[in-house]
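**Student:** To start, I am sharing the structure in question, which I have written as structure tokens.
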Amino acid sequence: MANRGGFSSKLGFIMAAAGSAVGLGNIWGFPYEVGQGGGAAFVVIYLLFCFILCFPVMVTEIAIGRKSQKNAVGAFDYLGFKKWNIVGKMGILCGVLILSFYNVIAGWAFGYIFEMAVGNFDIANHFSEFIVDVFKVGAYGLVFMATTAYVVSKGISGGIEKAAKLLMPTLLFLIVSLVIYSLTLENAMAGVKFYLVPDFSELNGRVIYNAMGQAFFSLSLGMGALITYGSYVGKDDNIVTSAALITLTDVGIALIAGLMIFPLIGYMTEGAMTDVGRGPGLIFVTLPQIFGTIGGTLGAVVGTTFFILLCFAALTSTVSLLEVPVSYIVDEKNIKRSKAVWLVAGLIYLIGIPSLLGNGYSEYFSNFITYVGAESATDFLSFVGHVANDTLLPLGGCLIAFFAGHIWKKANLDDELAKGAPGYKGSFIQKYLNFAVSYLAPIVLGTLFVLTVLGTFFGINLF
Ligand code: TRP
């Protein structure tokens, strides 16, 4: 155990875990999910998931990690429940899948740095051509994966922690500046209304499943990423307050990202809000337009800076995704960290190639699968997203909660959480977490898992 490394401080852990949480999921994913989910009603459901269900799962993951000082698979072995390590194995598979497509999108964001630098705001109208140029965006993705691998190879406090501490605050500053700018534009309020005034008639099963998947994805939950990070946390850190800070940061940044995008769409569409449901291309189309309205050198500087920071946010997330399989291989298979990192990163890049090709370049991967009862085909990247984010993450969360509540046992969870938190035992939050982990999360997440599978892949919508 001597050489596993660890976070150098409590703040370092919070920053790294918040860095894992804050990423493309917040700035790219959240606004487009809100757009497709009909606006504010989606936001409300998303917030409920984050605080009521995801927060307890986050606490549990970190506690399992710190108690065992092991990776996502080894943690279950260490606690004495070898059969349950299947949950960790599923998590590793899920992390590999997520990173494979996440890296493709990070590659787009990376490419946009150069487009913005030369003032090519018109790319907003040529996004679909941009992503079809697979050799170019594939190369961007390759650089991105290599950078991720480099940071992970530097280990915990040297690489992951340092990068997160510097870049997160800078990103926040830039987004808030853009929120202020976008709120001053004409028709901004139409966007704000769409975003913040709920219309619950928009609500259906689809919106609820997506909100759940988005909450898990954005908080980096359900696949052992936080078991892994938790294994590097000091014994006298307070897990519950750390998890609360991580959740608040992540949710806060997603909300602010929405407040940046929707006023812009209000402005661009003269209040008609017609372009909100455009999907994964949303920020890649809206933002360049707005940097264009700033115009000239300033527009180019703001645009370039924005995409640089977005890439850094994505990097602290890809790093956590890569760390999960790497830490497993390092702990369990006794392969050196430096070697494991490049091996796994190379493999995941290859697994991501169909996601790269499925955006118009390859007919086969662009219309990869037609779900039962669906009107049109789903591309490979979205398919992997549906399997990993919307299905496997909530299932993982359900199993992790059930494990802590009934297999590992609540008393052990309580003991671990009480370390570094003197008043924890007997507190309201202890009672709530016990209830959530034992009953609420397993039942709600288990039910939604079944409904999601039926609804998404088999066209059976029970409500
Ligand atoms: N949360 C990150 C984002 O919002 C993505 C991410 C990083 C992730 N690590 C994860 C998602 C682990 C699920 C599990 O961009």
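**Student:** Report the full-extension gain for the segment Lys409 to Leu174: residue separation times 0.36 nm, less the Cα-Cα distance, to one decimal in nm.
**Tutor:** Numbers: separation 235, 0.36 × 235 = 84.60 nm, distance 4.42 nm.
Contour length minus Cα-Cα distance gives 80.2 nm.
**Student:** So, for the chain, what is the accessible surface per residue at a probe of 1.4 Å, expressed in square angstrom?
**Tutor:** I get 37 Å² per residue for the chain.
**Student:** Once the convex hull of the alpha carbons of the chain is built, what does its volume come to per residue, in cubic angstrom? If you can, show how the numbers build up before the last one.
**Tutor:** On the way: hull volume 61.5 nm³, N = 463.
That works out to 133 Å³ per residue.
**Student:** Highest mean first, how do 272-280, 306-314, 340-348 rank when packing is the count of other Cβ atoms within 10 Å averaged over residues? All intermediate terms of the calculation are to be shown ahead of the outcome.
**Tutor:** Numbers: 272-280: 16.2, 306-314: 23.4, 340-348: 19.9.
Highest to lowest by the protection proxy: 306-314, 340-348, 272-280.
**Student:** Calculate the spin-label point distance for Tyr432 paired with Ile52, positioning each point 7 Å from the Cα along the beta-carbon direction, and give it in nanometres.
**Tutor:** 1.2 nm
**Student:** Relative contact order (percent) for the range 2-457, with alpha-carbon contacts under 8 angstrom and 6 or more residues of separation? Intermediate results must be reported in sequence, preceding the final value.
**Tutor:** Numbers: 799 pairs, mean separation 146.3, N = 456.
Reported relative contact order: 32 percent.
**Student:** Still on this structure, I have one more. Can you bin the range 116-249 into rounded, prolate or oblate? Criterion: square roots of the alpha carbon gyration tensor eigenvalues sorted a ≥ b ≥ c, rounded for a/c under 1.5, prolate for a/b above b/c, oblate for the rest.
**Tutor:** On the way: a/c = 1.67, a/b = 1.18, b/c = 1.41.
Oblate, since a/c reaches 1.5 and b/c is not below a/b.
**Student:** Step through the residues of the range 192-207 one at a time and calculate ³J(HN,Hα) from phi using the Karplus curve (6.51 cos²θ - 1.76 cosθ + 1.60, θ = phi - 60°), rounding each to whole Hz and writing x for Gly and Pro.
**Tutor:** Along the range 192-207, the couplings run 4, 5, 4, 7, 10, 9, x, 10, 6, 5, 6, 6, 8, x, 3, 4 Hz.
**Student:** Also, I was wondering about something else. Sorted by mean Cβ packing within 10 Å, highest first, what order do the peptides 87-96, 166-175 take? Could the numbers behind the result be given before it?
**Tutor:** Details: 87-96: 22.8, 166-175: 16.2.
Ranked by mean Cβ neighbours within 10 Å, highest first: 87-96, 166-175.
**Student:** Given R₀ = 51 Å, what would the calculated FRET efficiency be for Leu298 paired with Lys333, taking r from the Cβ atoms and rounding to 0.05? Don't skip to the end; give the middle numbers.
**Tutor:** Working: r = 51 Å, r/R0 = 1.01.
With a Förster radius of 51 Å, E is 0.50.
**Student:** Whenever you get a sec, compute what percent of the accessible area on the range 232-378 sits on carbon and sulfur atoms (1.4 Å probe).
**Tutor:** Details: 3560 of 5720 Å².
Using a 1.4 Å probe with all protein chains present, the range 232-378 comes out at 62 percent carbon and sulfur.
**Student:** Something else about it: What does the charge add up to near Gln214, with Lys and Arg as +1, Asp and Glu as -1, over the other residues with Cβ less than 13 Å from its Cβ?
**Tutor:** Details: positive: Arg206; negative: Glu33, Asp250, Asp390.
Taking every Cβ under 13 Å from that of Gln214, the sum is -2.
**Student:** Please check the chain for the longest run free of GluC sites (Glu not before Pro) that are loop-located per DSSP (anything but H, G, I, E, B) and have at most 15 other Cβ atoms within 10 Å.
**Tutor:** Details: sites that count: Glu186, Glu270, Glu375.
It works out to 1-185.
**Student:** Shifting gears a bit: Go through the range 247-262 residue by residue and turn each phi into a ³J(HN,Hα) via Karplus (6.51, -1.76, 1.60, θ = phi - 60°); whole Hz please, and just put x for glycine and proline.
**Tutor:** Calculated HN-Hα couplings, in order: 4, 4, 4, 5, 5, x, 5, 4, 4, 5, 4, x, 5, 7, 6, 5 Hz.
**Student:** With Cβ to Cβ distances under 13 Å as the rule, what net charge do the other residues near Lys136 carry (K, R +1; D, E -1)? Present the calculation step by step, with values, prior to reporting the outcome.
**Tutor:** Values: positive: none; negative: Glu115, Glu129, Asp133.
Net charge in that neighbourhood comes out at -3.
**Student:** Something else now. Return the sequence-ordered ³J(HN,Hα) values of the range 72-80 in whole Hz as given by the Karplus equation 6.51 cos²θ - 1.76 cosθ + 1.60 applied to θ = phi - 60°, using x for Gly and Pro.
**Tutor:** Result, ordered by residue: 4, 8, x, 4, 5, 4, 4, 6, x Hz.
**Student:** At q = 0.21, 0.23, 0.28 Å⁻¹, work out log10 I(q)/I(0) for the range 181-232 with the Debye formula, treating every Cα as an identical point scatterer and leaving solvent out; two decimals please.
**Tutor:** One equal scatterer on each Cα of the range 181-232 leads to -0.84, -0.88, -1.02.
**Student:** So how much slack lies between Ala117 and Phe458, counting 0.36 nm per residue of separation and subtracting their Cα-Cα distance, in nm?
**Tutor:** On the way: separation 341, 0.36 × 341 = 122.76 nm, distance 4.49 nm.
118.3 nm is the gain from fully extending Ala117 to Phe458.
**Student:** Can I ask one more? About its Cα centre, what dipole magnitude does the chain give when the only charges are +1 on Lys and Arg Cβ and -1 on Asp and Glu Cβ, stated in debye to the nearest 20? Provide the component values of the computation, followed by the final result.
**Tutor:** Values: 25 positive and 26 negative charges, 386 e Å.
For the chain, the charge dipole is close to 1860 debye.
**Student:** Figure the gain on full extension for Lys10 and Asn204 (residue separation times 0.36 nm, minus the Cα-Cα span) and round it to one decimal in nm. Kindly include the intermediate steps, with their values, before the conclusion.
**Tutor:** Numbers: separation 194, 0.36 × 194 = 69.84 nm, distance 4.08 nm.
That works out to 65.8 nm of additional length.
**Student:** Under the rule of at least 5 residues apart or a separate chain, name every residue whose amide H is placed under 5 Å from the amide H of Ile369.
**Tutor:** The list, which skips near neighbours in sequence, is Thr378.
**Student:** Mind giving me the nanometre distance, one decimal, between the label points for Tyr150 and Lys82, set 7 Å out from Cα along Cα→Cβ?
**Tutor:** It is 4.2 nm.
**Student:** Once a ≥ b ≥ c are taken as the square roots of the eigenvalues of the Cα gyration tensor of the range 24-157, is the result rounded (a/c under 1.5), prolate (a/b larger than b/c) or oblate (a/b not larger than b/c)? Display every interim value, and only then the final one.
**Tutor:** Numbers: a/c = 2.77, a/b = 1.52, b/c = 1.82.
Oblate, because a/c is 1.5 or more while a/b does not exceed b/c.
**Student:** So which of Lys89/Lys431; Lys162/Lys431; Lys162/Lys235; Lys89/Lys339; Lys162/Lys410; Lys235/Lys333 end up more than 32 Å apart by C-alpha?
**Tutor:** Working: Lys89/Lys431 30 Å; Lys162/Lys431 36 Å; Lys162/Lys235 21 Å; Lys89/Lys339 21 Å; Lys162/Lys410 35 Å; Lys235/Lys333 26 Å.
Long pairs (Cα-Cα over 32 Å): Lys162/Lys431; Lys162/Lys410.
**Student:** To test your reading of the geometry: what angle, between 0 and 90 degrees and rounded to tens, separates the Cα axis of helix 55-68 from the longest principal axis of the chain?
**Tutor:** 50 degrees
**Student:** Kindly identify the range 264-389 as rounded, prolate or oblate by the Cα gyration tensor criterion: order the square roots of the eigenvalues as a ≥ b ≥ c, call it rounded if a/c is under 1.5, otherwise compare a/b with b/c, prolate if a/b is larger, else oblate. Mind showing how you got there, number by number?
**Tutor:** Details: a/c = 2.82, a/b = 1.39, b/c = 2.04.
Note, shape of the range 264-389 comes out oblate.
**Student:** Something else about it: Enter the Cα centre distance for the pair the range 74-143 and the range 393-420, rounded to the nearest angstrom.
**Tutor:** Cα centroid to Cα centroid, the span is 29 Å.
**Student:** Specify the inter-centroid distance of the range 304-320 and the range 195-258, based on alpha-carbon positions, in whole Å.
**Tutor:** Spelled out, the Cα-based centre of one part sits 18 Å from the other.
The values are calculated or read from the model by the stated rules, or taken from the named source; none is laboratory data. Keep in mind that this is a model prediction, so the values were computed, not measured. Cβ sites come from the backbone with ideal geometry, for glycine too, and all protein chains shown count toward neighbours. Remember, those area values only see protein heavy atoms, side chains included, never the ligands or the DNA or RNA. Shrake-Rupley method; radii C 1.70, N 1.55, O 1.52, S 1.80 Å.
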